[in-house]
1. Pulled fully out, how much extra length does the chain show between Val64 and Phe26, if you take 0.36 nm times their separation in residues and subtract their Cα-Cα distance?
2. Calculated from the structure, Cα Rg over 2.2 N^0.38 Å equals which of (i) 1.23; (ii) 1.70; (iii) 0.99?
3. With point charges of +1 on the Cβ of Lys and Arg and -1 on the Cβ of Asp and Glu, referenced to the Cα centre of the chain, which listed residue (Met1, Trp56, Leu30) lies farthest in the positive direction of the dipole?
4. Which whole-Hz couplings ³J(HN,Hα) result when phi for each residue of region 63-68 is put into the Karplus expression 6.51 cos²θ - 1.76 cosθ + 1.60, θ = phi - 60°, listed in order with x for Gly and Pro?
5. Along the positive direction of the dipole of the chain (beta-carbon charges: Lys, Arg +1; Asp, Glu -1; about the Cα centre), which of Ile66, Ala10, Gly39 reaches farthest?
6. With +1 on the Cβ of every Lys and Arg and -1 on the Cβ of every Asp and Glu, and nothing else charged, how large is the dipole of the chain about its Cα centre, in debye rounded to the nearest 20?
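Read the figures in this text as sums done on the coordinates, not as results from a lab. Small disclaimer: the values here were computed from a predicted structure and weren't measured. Here Cβ is always computed from backbone atoms with ideal geometry, including for glycine, and neighbour counts include all displayed protein chains.
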Amino acid sequence: MCYLGPTTAAIITTFMWKSKKTLRLFWLMLMFYGGSLFGVIDHLWNGELFLVSENWVKDLSLGVVITAVIIMAWRGILILAKRTPSLNMYLRGAELK
């Protein structure tokens, strides 16, 4: 169930992105979906039926940690992009259509 945190964040970010289509939100949304996919694959890899493990409290806690790490990594990328002009062109306020 560690995929629930990133999946919930991905769905919320998708709705936010639909109302304000910025590249920054687009990249955050993709990172959350990647974290969700990681959680699902991890559960399938470990043979947990219906993607629920024996210790679901630890799994939910892990999902919160994964979501927090994704947000910190995204913020780090934004900070790095402000300092590096070659990266900044990928995160400028250009609109996606």
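1. This chain segment gains 11.6 nm when fully extended.
2. Here Cα Rg over 2.2 N^0.38 Å agrees with entry (i).
3. Of the options given, the answer is Leu30.
4. Going residue by residue, I get x, 5, 5, 4, 4, 5 Hz, with x marking Gly and Pro.
5. With unit charges placed on the Cβ atoms, the residue in question is Ala10.
6. For this selection, approximately 820 debye.
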